[in-house]
Structure formats: C-alpha cells, structure tokens
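The values are calculated or read from the model by the stated rules, or taken from the named source; none is laboratory data. Because the structure is a prediction, the values reported are computed rather than measured. Please note: Cβ atoms are built from the backbone with ideal geometry, for glycine as well, and neighbour counts cover all protein chains shown.
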Amino acid sequence: MNSSRTVAFSKNAANVFFHILTACNLRCRHCYINPAQHGTQTLDIETISSWLQVFAAQERAANVIFLGGEPTLHPDLSAAVKTARNLGFQSVTIDTNGYLFNNILQKITPDDVDVISFSLDGATAPVNDSLRGKGSYETCLNGIRQAVSGGFHTSLIYTVSSANLHELEKMPDVLVGLGIERFFIQVIGIRGESAHNAGAALNQVSPEAWLKTVPAVAEAVTARGISVIYPRVFLKPDEPFECAGKVARNFFIFPNGRVYRCPLCEDYPLHGGVMTSGVLTPTPPINEADLFNLDILEGCVMNRLIQPDNIRYASDGAPAYRIACCLLKEEAPARRPRRISDGSIGAP
Ligand code: SF4
Ligand code: SF4
C-alpha cells in the first residue's frame with residue numbers, strides 16, 4: 001500500500017535557500033552550481049547577517065537552509081547559523097557533502113540547528129564515488145556518524161539519475177544503519193554540470209523507471225521508521241498543475257546577489273530579484289516571473305524550455321503527461337515516530 005501524500009506548496013511558510021559561497025572541495029558530476037551565473041565570491045558574515053535580516057523581516061515563519069558550494073568551508077558558518085536562530089527563523093538547516101570543515105560540529109550545538117542534511121548518491125562507495133569523487137562515500141558516512149553521536153538531527157539527500165537508480169533499493173538498510181531521520185530523494189536536473197559538461201552528462205530516468213522504483217523504496221524506508229520526501233515529477237491526468245513561482249515563497253539566494261524563485265531558472269539571468277545594498281529589489285521584465293504566467297499543456301514552462309527530452313507526445317500531438325513543478329513533493333511519513341523538525345526541507 002502506498003501511504004504517501006502530495007505536499008501542497010505551503011502558503012504560510014517561506015523557504016530561504018542561502019548559498020553563502022560557491023566554492024567546494026568536490027566536483028560532483030551533477031553539480032548545479034554555475035559560477036558564471038551564481039558568482040565565485042564568499043559572502044562575509046556581515047553581508048550574510050544583513051541578508052538574513054531582510055528575509056526574517058519580510059517573511060513569516062521562514063525556514064533557512066545554508067548551502068553552497070560546501071557551506072562548511074565558510075569559516076563563519078557557525079556564526080551565520082546562530083544569527084539565523086537569533087533572528088527567529090522557523091528552522092535552520094545545513095546542507096553538507098559530509099566533509100564538515102572548520103570543526104563545524106564543535107562550534108554549534110543541536111540547539112543551534114534543526115537538521116544537518118548530508119548528500120550521498122549511492123548505497124555503495126563505487127557508485128557514490130563515481131558521481132561525487134573518490135573517498136566521498138566514507139567521508140560522508142563518517143560525518144553522519146559524528147553528527148548523530150553529537151546529538152544532531154540528520155537527513156540524507158539522494159539525487160537520482162540513470163547512474164544510481166539501481167542502488168536506491170539498498171538505501172533503507174544504509175539509512176537505518178546510520179541513524180538518519182529523514183530521507184530526501186531528488187531527481188537530477190539538467191543544469192549546471194549536467195547541462196554544460198558533456199563528459200559529465202547524466203540522464204534523468206524514464207517515467208516508467210521512476211514510478212516503478214521510487215514510491216516503492218519510499219514505502220520501504222517509511223516501514224523502517226524514517227520519513228521520506230520525493231518530487232512528484234509526473235502529474236496524473238486529473239491533478240491540477242501549480243507553479244511554485246506563483247503560489248509559494250521560495251528564495252534561492254546566490255553570492256552574487258541574485259535571488260531566484262525557481263531552481264530551473266538558475267542557469268540563466270532570469271532571476272526575479274537581486275540583493276542591492278542589503279535590499280531585495282525586483283529585476284525588470286523579462287524575468288522568471290513572466291515565464292511562470294505562461295500556461296502550457298506540458299505543465300512546467302521551464303522544464304519544457306530546458307529539459308524537453310523528458311516529455312513525450314501522443315500521436316495527436318498532445319503531451320502524454322504533464323510535468324509537475326520541481327518543487328512539488330510527495331511525502332511518505334515514518335510509520336514509527338522519529339524526532340525531526342517539520343520545518344526542514346531538502347535542497348533542490
Ligand atoms: S553538488 Fe554540492 S558537494 Fe558536489 S560539487 Fe556541487 S556543491 Fe560541491
Ligand atoms: S519548476 Fe516550473 S512550475 Fe516550478 S517554479 Fe519553476 S517554472 Fe514554475
């Protein structure tokens with residue numbers, strides 16, 4: 001039985017995905033960071049604090065997620081986390097590749113951060129390391145063990161592509177063995193490295209492969225007491241389509257000051273806002289907000305523009321299915337209660 005439910009976009013909460021730098025020690029094959037579009041600077045703590053204040057003031061009940069690049073490479077991540085906590089964000093999350101630089105676990109406590117979210121893209125070292133780099137599997141597992149033994153709440157993000165779908169079924173055992181409390185399954189986006197580095201190209205999986213594997217794995221994970229969140233991806237014929245850019249409050253902030261509302265726009269200068277002198281200023285048309293208003297039979301406009309290969313058409317020319325907003329998630333709650341903040345959400 002599938003006990004998952006679709007998580008509608010929350011109209012009452014905002015999510016602030018704050019890329020405080022774009023530098024990283026890894027070179028993952030599917031990395032979405034695009035320095036030409038996102039900048040190469042490392043924001044200083046004063047700028048981070050002032051931008052956090054902007055979102056704390058304008059958004060009620062906002063969740064903040066610190067990411068990069070690798071956010072633990074930032075020497076002042078601990079100060080940023082504490083500032084966010086003091087500003088009253090509903091939840092504070094760190095997304096990390098598990099290397100946990102700058103002794104971050106010694107500089108923060110489980111009271112400072114709601115969740116530390118680790119990225120792992122294989123159930124075994126050979127598969128994960130072929131995507132994320134040699135040694136990254138063991139390092140990530142060690143990082144998770146340190147965090148769990150330090151009393152931190154942990155989640156894990158697995159980005160599905162044709163290179164690692166076959167290992168997803170092994171993940172329930174891995175998650176239980178590590179003490180992970182929430183599992184995020186992502187679909188690889190054709191952007192960043194996946195879009196621009198032909199040698200690194202990875203494929204999205206077919207609708208059939210996705211639907212055959214992902215919901216079943218989600219059920220297997222929830223049966224072990226771990227909640228799962230995964231993208232909806234394909235809408236059923238009678239399901240309404242909604243664009244999160246129009247109905248939800250998500251902000252993807254980059255070190256060059258760009259603020260996007262849609263992750264699929266991040267490879268292009270389509271950002272709807274920019275941080276100038278500590279103020280969030282809308283950018284003039286045409287920007288992503290103008291695209292959100294286009295209603296098309298294929299569902300998501302940006303998907304149709306940048307990754308049309310995942311749409312199929314029937315003989316009458318109509319799309320065989322509609323692509324859901326990449327921010328629409330399916331949630332399968334744990335069958336046994338586990339501690340974790342409801343406010344945390346995974347990176348796109
Ligand atoms: S995906 Fe994350 S860990 Fe991998 S290279 Fe990009 S920023 Fe670094
Ligand atoms: S992914 Fe598509 S539907 Fe979602 S916010 Fe972007 S343009 Fe809108």
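Pro333 falls short on exactly one of the conditions (1) in contact (Cβ under 8 Å) with a residue 24 or more places away in the chain; (2) within 15 Å of ligand 2 (Cβ to nearest atom), and that condition is (2).
Looking only at residues of segment 270-328 that are of a type in the set (Ser, Thr, Tyr) and at pLDDT 95 or above, we find that the one that is nearest to Ala13 (Cα to Cα) is Thr281. Taking (1) more than 16 Å from ligand 1 (Cβ to nearest atom); (2) within 19 Å of the chain's Cα centre (by Cα) in turn, Phe252 satisfies each apart from (1).
A residue that is in a loop (DSSP other than H, G, I, E, B) and either within 16 Å of ligand 1 (Cβ to nearest atom) or not aromatic (Phe, Trp, Tyr) (or both) occurs somewhere in segment 76-84.
In the set (1) closer than 16 Å to Leu327 by Cβ; (2) in contact (Cβ under 8 Å) with a residue 12 or more places away in the chain, the condition left unmet by Pro240 is number (2).
The residue pairs whose first member lies in segment 34-52 and is without any contact (Cβ under 8 Å) to a residue 24 or more places away in the chain, whose second member is hydroxyl-bearing (Ser, Thr, Tyr) and crowded, with 18+ Cβ neighbours inside 10 Å, and whose beta carbons are closer than 6 Å, counting only pairs six or more residues apart or on different chains, are Pro35/Thr22. Taken together, the criteria exclude Pro215 from residues that are at pLDDT below 90 and out of contact with any Asp or Glu (no Cβ under 7 Å at 6 or more places or on another chain).
Specify the residue that is surrounded by the fewest Cβ atoms within 10 Å (Cβ to Cβ); the eligible residues are those in segment 205-262 that are part of a helix (DSSP H, G or I) and of a type in the set (S, T, N, Q). By that ranking, first place goes to Thr213.
Just one of the listed residues (Val247, Val279) is aliphatic (A, V, I, L, M) and more than 16 Å from ligand 2 (Cβ to nearest atom), namely Val279. Scanning segment 82-96 for residues that are farther than 13 Å from Leu52 by Cα and in contact with a Leu (Cβ under 6 Å, 6 or more places away or on another chain) returns a single hit, Asp95.
Here's the yes/no breakdown for (1) in contact (Cβ under 8 Å) with a residue 12 or more places away in the chain; (2) over 25 Å from Val54 (Cβ atoms):
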| residue | (1), (2) |
| --- | --- |
| Pro263 | yes, no |
| Val279 | yes, no |
| Glu288 | yes, no |
| Glu298 | yes, yes |
| Asp316 | no, yes |
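Filtering segment 199-244 to residues that are more than 18 Å from the chain's Cα centre (by Cα), β-branched (Val, Ile, Thr) and within 16 Å of ligand 2 (Cβ to nearest atom) leaves nothing.
If I ask for residues that are modelled with pLDDT under 75, touching a helix residue (DSSP H, G or I) at 6+ places or on another chain (Cβ under 8 Å) and over 15 Å from Cys243 (Cα atoms), which ones from segment 4-25 would you list? Ser4, the sole residue that qualifies.
Please count how many residues of segment 108-141 are part of a loop (DSSP other than H, G, I, E, B) and away from ligand 1 (no atom under 15 Å from the Cβ). Walk me through how you get there before you give the answer.
Quick first cut of segment 108-141, residues part of a loop (DSSP other than H, G, I, E, B) only: 108-114, 120-124, 133-135.
Still in the list and also away from ligand 1 (no atom under 15 Å from the Cβ): 108-114, 123-124.
Total meeting the criteria: 9.
When we screen Ile185, Ile144, Ile157, Ile94 for residues that are in a helix (DSSP H, G or I) and either crowded, with 18+ Cβ neighbours inside 10 Å or within 13 Å of ligand 1 (Cβ to nearest atom) (or both), the only hit is Ile144.
Within segment 263-294, being within 17 Å of the chain's Cα centre (by Cα) and either outside any helix (DSSP H, G or I) or more than 23 Å from Gln307 (Cα to Cα) (or both) holds for Glu266, Asp267.
Candidates are the residues of segment 295-335 that are assigned to a helix (DSSP H, G or I) and not polar (S, T, N, Q); the one that is surrounded by the fewest Cβ atoms within 10 Å (Cβ to Cβ) is Asp309. Of the residues making up segment 53-74, those that are part of a helix (DSSP H, G or I), among the hydrophobic types (A, V, I, L, M, F, W, C) and under 11 Å from Ile20 (Cα atoms) number 1. Among the residues of segment 7-55, those identified as of a type in the set (Ser, Thr, Tyr) and either away from ligand 2 (no atom under 16 Å from the Cβ) or under 17 Å from Pro71 (Cα atoms) (or both) are Thr22, Tyr32, Thr40, Thr42, Thr47, Ser49, Ser50.
Here's the yes/no breakdown for (1) within 16 Å of ligand 2 (Cβ to nearest atom); (2) under 21 Å from Gly179 (Cα atoms); (3) under 18 Å from the mean Cα position of the chain (by Cα); (4) among the hydroxyl-bearing types (Ser, Thr, Tyr):
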{"position": "Lys82", "(1), (2), (3), (4)": "no, no, no, no"}
{"position": "Thr93", "(1), (2), (3), (4)": "no, yes, yes, yes"}
{"position": "Asn97", "(1), (2), (3), (4)": "no, yes, yes, no"}
{"position": "Asp114", "(1), (2), (3), (4)": "no, yes, yes, no"}
{"position": "Gly133", "(1), (2), (3), (4)": "no, no, no, no"}
{"position": "Asn142", "(1), (2), (3), (4)": "no, yes, no, no"}
{"position": "Phe152", "(1), (2), (3), (4)": "no, yes, no, no"}
